[in-house]
Amino acid sequence: MRKAGAAPVSLWHGNASLQGVDAVILPGGFSYGDYLRCGAIARFAPIMSELVPAARKGLPVLGICNGFQILCESHLLPGALTRNAGLRFVNREISVTIENDSSAWTSQYKAGQDITVVLKSGEGAYVADQGTLAALEAGGLVLARYAGGNPNGSVAGIAGVVNEAGNVAGLMPHPEHAIDALTGPGDDGLGFFGSVLNAVALA
Amino acid sequence: MTTQQAGADTVADAAATPDRQQPFRALGLTDEEYRRITSLLGRRPTDAELAIYSVMWSEHCSYKSSRTHLRQFGEKAPRTDVLLAGIGQNAGVVDVGHGYAVTFKIESHNHPSFVEPFQGAATGVGGIVRDILAMGARPVAVMDALRFGPADAPDTHRVLPGVVGGISFYGNCLGLPNIGGELAFDPCYAGNPLVNALCVGVMRHADLKLAAATGPGNQVILFGSRTGPDGIGGASVLASASFGGGSEGAKRPSVQVGDPFMEKLLVECCLELYQAGLVVGIQDLGAAGVACATTELAAGGGTGMRVRLDAVPLRDSSLGPPEILMSESQERMMAVVAPGDVERFLQICARWDVQATVIGEVTDTGRLEMSWQGAPVVDIPPGSAADEGPVCDRPAQRPASQDALQADDSSRLPRPAPGDRAGLRAALLAVLGSPDAADKSWVTEQYDCYVRGDTVLAKPHDAGVLRIDEETGLGVALATDGNGRYCQLDPYAGTQLALSEAFRNVAVTGARPLAVTNCLNFGSPEDPAVMWQFAEAVRGLADGCLTLGTPVTGGNVSFYNQTGGMAIQPTPVIGVLGVHDDVRRRVASGFGTDGGSIVLLGATRAEFGGSLWAWVTHRHLGGRPPLVDFAAEMALARVMAAAADRGLLTAAHDLSDGGLAVALAEACLTGGVGCQVTLPGDPFTLLFSESAGRAVVAVRPGAEAEFATLCAQEDLPAFVIGATGGTSLEVSEAFEIPLADLAAVHRAVLPSLFG
């Protein structure tokens, strides 16, 4: 966010206050160790009692990796994330195709654009029932899809989804590791952070 | 007379029943060592004291067989002003400039990883991370040097996926990037895999913490996980006995189980405690648990300590004093805290959901006293357990078979003649497709190398490179290397070659090598031939570090890596740390752009003893390893640093196992750009010799003359052998292989073996 021009504020999981921030990113990691289903405990963290209603009212929220899992567990996004098809952790540079360029997090991209980001997860396989999938596809709610091969067995190659209002997005790969060619595969990921600044400025 | 709870053998009981038989032999103590304890204390030890001495005087904790040799690292230490803390601390600390210091160390977890690969390897990561944390640093990355039995052996398919899975599970969850390491295979590791874990941490100079309990009246706080029965005598007793001989049952206590999320909380909690200035002294709990932490803290502070053992929070309420002292439950730390700071200390721990308990205080008595339900169960001078353990001057004898091994020169091996293009091609594909040289993505894809956002280079590059300071670009480079084959042929030279290679791997990225850590993996010290190998290796490393000007900052010895009568090849694994003034000027190992002229640096001799080619194509190990030439390594390093600084290079890759042939193939595959090369001499020798002190580089178009001048100034042999470009690896005297075909061979090996 700093690189995109915003001032990041750290929010504490045990403190049910959003401190008046304009947007929230739930980062990757291993909340509570993920010894249970990923994100299943984190959804009950005190901060979530504030975040969930705020997200329903339009606060831009992006869940990356474990954050995506938490958003699904919180039912802010449909579907769930399960063990990778290969049953092993996958750490790899990958391409995804941006499919929805009208969300709060993807307006700086063009639909159909391929970007290179980093996938690093053990439970990254997106699953959803047939009805949910049909609704996602029909509503244009698939945010991004894996390009050039499906690295983890996600249904329909789905790498990220967004809610109907376009403010809550979940993404399995990590755009924050693609903000500088020195420490990642390039800066294709910056668009997520630039997009939300536009969305916040317009709101 | 009052009745004590079972297991609570008090000091009074010990005085009253001097003749009670104690199971000291089962705990690994010799008759002589037991007599020494009795005379030290003037009575028989209590059960709790016996537990302390048995673990602290074990090979693992006391370095009794190695200590006389390891002194050379101090005696021959090069003059340096970069070392802020050295051998004897939890890890060495090196000044890297701008007020930053870096601490790094490598440690073995070999025996637990054979018994229970997943948890054994996972807790190996956890243990070394706490060592780094205990110095006051934030751990920022890990690496792993792994060695297994033959890649196609059934047991390797049990051990390797478990070890890699355990490292992945623990390191990824902890949020530490894994930036490199090694993976090698040899039949000698079939019953004794080597799992060596390295961690590096960063701090400001002022943040340095020492393991010393100072200030009588200060409180002793145990924090982190509760203490359970796991790993009692695990590392300490287990790692001090060979497998085999029918004693597995007695010598295989349970391997510890890791909780990486608790470790993550512990890391963040400790860093906040340091920041708040609440820590006087600190020690991690690893091998020998509370016994080790209390004795070392008290001995380090030159003080005494009083500990209430029944205050230790337990996961299993049936544990008594000896078990509590020996437990190797993971994710625990012990801190010394001023009485007025205890409340704030406990508050910060609570914020991180870390359990913290005052279990005792520092005294000025010079005694380590412990009580259990009010009765004294330990009363010893702490230094007698921590520092004054037994020292064995074990006999060392060069084995009679060494002469025959060295005489069995590789020159008799059939090899492709000049003009035998098919033979040279087959040799390249055989070597490149061997498990040792194969692409390691199957392993490294299971490790997060990006987390924390400061990883500049990771595998498959020669060294891991991390950014420390975003503003200046200050960073470090790290590499580990070992070569059991070279060391089997000549442990002195082989160790120096491992040092040379790690030094070179760091140097080719453009970093200045600064300091050394080591993990010395050997067979049984009770075998004079192994002891000779060990002595030679230590002498080689100490002499090498003196010549290179890079001090040994610390390390670890792992003995008893043998099953029955078969010892592993002597395998010192050497880690070298270098500094980058600006990581933006680092040089990566892959050919990434067309039109760069390719230069072979260093002298190539016909050296095939212990080479990958001889092993892969002839299963031959004999002769002498390549010549060690530290002057050439230093000249190469100076050229590389200057060239990186001036931006003259687009790629640089060191030459090691598999020689120029493998180096060129790797540089093409890593960067995705081919090359055309013409060799200045005998093709086979130039392609497959493993002469040290060499690298292959791609020069930025327009910088050729400046680079040539730089090499000439350092008298570094430099041969322009070709140019980057195209989609195949083309060596005019030997082969032209499309990169897609090379990649297929290189990348298929591990997936086809391990799924």
Helices (runs of 4 or more DSSP H) contained entirely in region B:1-97, each with at least 1 residues that are of a type in the set (Phe, Trp, Tyr), more than 23 Å from B:Ala535 (Cα to Cα) and in contact with a helix residue (DSSP H, G or I) (Cβ under 7 Å, 6 or more places away or on another chain): B:47-56
For region A:128-148, how many residues are within 26 Å of B:Thr444 (Cα to Cα) and at pLDDT 95 or above? 4
Evaluation of B:Arg71 against (1) in contact (Cβ under 8 Å) with a residue 60 or more places away in the chain; (2) within 30 Å of B:Phe104 (Cα to Cα); (3) not β-branched (Val, Ile, Thr) (one fails), failing number: (1)
In the list B:Pro193, B:Pro187, which residue meets the criterion of being crowded, with 20+ Cβ neighbours inside 10 Å and either more than 27 Å from A:Gly184 (Cβ to Cβ) or within 14 Å of chain A (Cβ to nearest Cβ) (or both)? B:Pro193
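Quick one: is B:Ala663 of a type in the set (A, V, I, L, M, F, W, C), in a helix (DSSP H, G or I) and touching a residue at least 12 places away in the same chain (Cβ under 8 Å)?
yes
Within region B:158-181, track down each residue that is facing chain A (nearest Cβ under 9 Å) and in a helix (DSSP H, G or I). It would help to see each step written out before you state the result.
Here is the first cut: in region B:158-181, the residues facing chain A (nearest Cβ under 9 Å) are B:161, B:164-165, B:168-169, B:172-175, B:178.
Scanning region B:158-181 gives B:Pro161, B:Val164, B:Gly165, B:Ser168, B:Phe169, B:Asn172, B:Cys173, B:Leu174.
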Conditions (1) surrounded by 18 or more Cβ atoms within 10 Å (Cβ to Cβ); (2) within 14 Å of chain A (Cβ to nearest Cβ); (3) closer than 23 Å to B:Val508 by Cα; (4) at pLDDT 95 or above: number failed by B:Thr472: (1)
Within the bounds of region B:324-336, is there any residue that is in contact with a helix residue (DSSP H, G or I) (Cβ under 9 Å, 6 or more places away or on another chain) and surrounded by fewer than 21 Cβ atoms within 10 Å (Cβ to Cβ)? no
Residue pairs qualifying under the 9 Å Cβ cut-off, at least six apart or on distinct chains, with the first in region B:576-587 being within 11 Å of chain A (Cβ to nearest Cβ) and under 16 Å from B:Glu470 (Cβ atoms) and the second being in a helix (DSSP H, G or I) and not acidic (Asp, Glu), are B:Arg585/B:Ala644; B:Arg586/B:Ala644
Would you pick out the residues in region A:175-191 that are within 10 Å of another protein chain (Cβ to nearest Cβ) and closer than 16 Å to A:Arg2 by Cβ? A:Glu176, A:His177, A:Ala178, A:Ile179, A:Asp180, A:Leu182, A:Thr183, A:Gly184
Quick one: would you say A:Asn150 is surrounded by fewer than 16 Cβ atoms within 10 Å (Cβ to Cβ), over 17 Å from the mean Cα position of the chain (by Cα), polar (S, T, N, Q) and away from every other protein chain (no Cβ under 14 Å)? no
Just name the residue that is farthest from B:Glu296 (Cα to Cα) out of those in region B:263-283 that are within 23 Å of the chain's Cα centre (by Cα) and within 12 Å of chain A (Cβ to nearest Cβ). B:Lys264
If we keep only residues of region A:153-173 that are buried (at least 23 other Cβ atoms within 10 Å of the Cβ) and farther than 15 Å from A:Gly79 by Cβ, then the residue nearest to the other protein chains (Cβ to nearest Cβ) is A:Pro173
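For region B:360-390, how many residues meet the condition of being under 15 Å from B:Pro321 (Cβ atoms) and either crowded, with 20+ Cβ neighbours inside 10 Å or touching a residue at least 24 places away in the same chain (Cβ under 8 Å) (or both)? Before you say what the answer is, go through the steps one by one.
Looking only at region B:360-390, we keep the residues that are under 15 Å from B:Pro321 (Cβ atoms), and these are B:360, B:368-380, B:385.
Subsequent filtering for residues that are either crowded, with 20+ Cβ neighbours inside 10 Å or touching a residue at least 24 places away in the same chain (Cβ under 8 Å) (or both) retains B:360, B:368-373, B:375-380, B:385.
Counting residues in region B:360-390 that are under 15 Å from B:Pro321 (Cβ atoms) and either crowded, with 20+ Cβ neighbours inside 10 Å or touching a residue at least 24 places away in the same chain (Cβ under 8 Å) (or both) gives 14.
Quick one: which residue in A:Gly124, A:Gly112, A:Gly131 is surrounded by 18 or more Cβ atoms within 10 Å (Cβ to Cβ) and either in contact with a Phe, Trp or Tyr (Cβ under 6 Å, 6 or more places away or on another chain) or small (Gly, Ala, Ser) (or both)? First the steps, then the outcome.
Details: A:Gly112 fails: surrounded by 18 or more Cβ atoms within 10 Å (Cβ to Cβ); A:Gly131 fails: surrounded by 18 or more Cβ atoms within 10 Å (Cβ to Cβ).
It is A:Gly124.
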So which residues in region B:204-235 are of a type in the set (A, V, I, L, M) and either surrounded by fewer than 23 Cβ atoms within 10 Å (Cβ to Cβ) or not in a strand (DSSP E or B) (or both), if there are any at all? B:Ala206, B:Leu208, B:Leu210, B:Ala211, B:Ala212, B:Ala213, B:Ile232, B:Ala235
Identify, by number, the condition in (1) farther than 30 Å from B:Arg452 by Cβ; (2) touching an Asp or Glu at 6+ places or on another chain (Cβ under 8 Å) that B:Pro187 doesn't meet. (2)
Can you tell me which residues in region B:449-468 are in a loop (DSSP other than H, G, I, E, B) and within 14 Å of chain A (Cβ to nearest Cβ)? B:Cys449, B:Tyr450, B:Val451, B:Arg452, B:Gly453, B:Asp454, B:Ala458, B:Lys459, B:Pro460, B:His461, B:Ile468
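If the requirement is being crowded, with 17+ Cβ neighbours inside 10 Å and either touching a residue at least 60 places away in the same chain (Cβ under 8 Å) or under 27 Å from B:Gly171 (Cβ atoms) (or both), which of these qualifies: A:Ala178, A:Ala85, A:Ala144? Give the derivation first.
Details: A:Ala85 fails: crowded, with 17+ Cβ neighbours inside 10 Å; A:Ala144 fails: either touching a residue at least 60 places away in the same chain (Cβ under 8 Å) or under 27 Å from B:Gly171 (Cβ atoms) (or both).
Being crowded, with 17+ Cβ neighbours inside 10 Å and either touching a residue at least 60 places away in the same chain (Cβ under 8 Å) or under 27 Å from B:Gly171 (Cβ atoms) (or both) holds for just one of A:Ala178, A:Ala85, A:Ala144, which is A:Ala178.
Being crowded, with 20+ Cβ neighbours inside 10 Å and in contact with a Cys (Cβ under 8 Å, 6 or more places away or on another chain): is that true of B:Gly726 here?
Numbers: crowded, with 20+ Cβ neighbours inside 10 Å: no; in contact with a Cys (Cβ under 8 Å, 6 or more places away or on another chain): yes.
It is false that B:Gly726 is crowded, with 20+ Cβ neighbours inside 10 Å and in contact with a Cys (Cβ under 8 Å, 6 or more places away or on another chain).
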Residue count, region B:275-306, condition touching a Pro at 6+ places or on another chain (Cβ under 9 Å) and part of a strand (DSSP E or B), comes to 2
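The values are calculated or read from the model by the stated rules, or taken from the named source; none is laboratory data. This one's a predicted model, so the numbers in the text were calculated from it and none came from an experiment. Cβ: placed from backbone, ideal geometry, glycine included. Neighbour counts: every protein chain shown.
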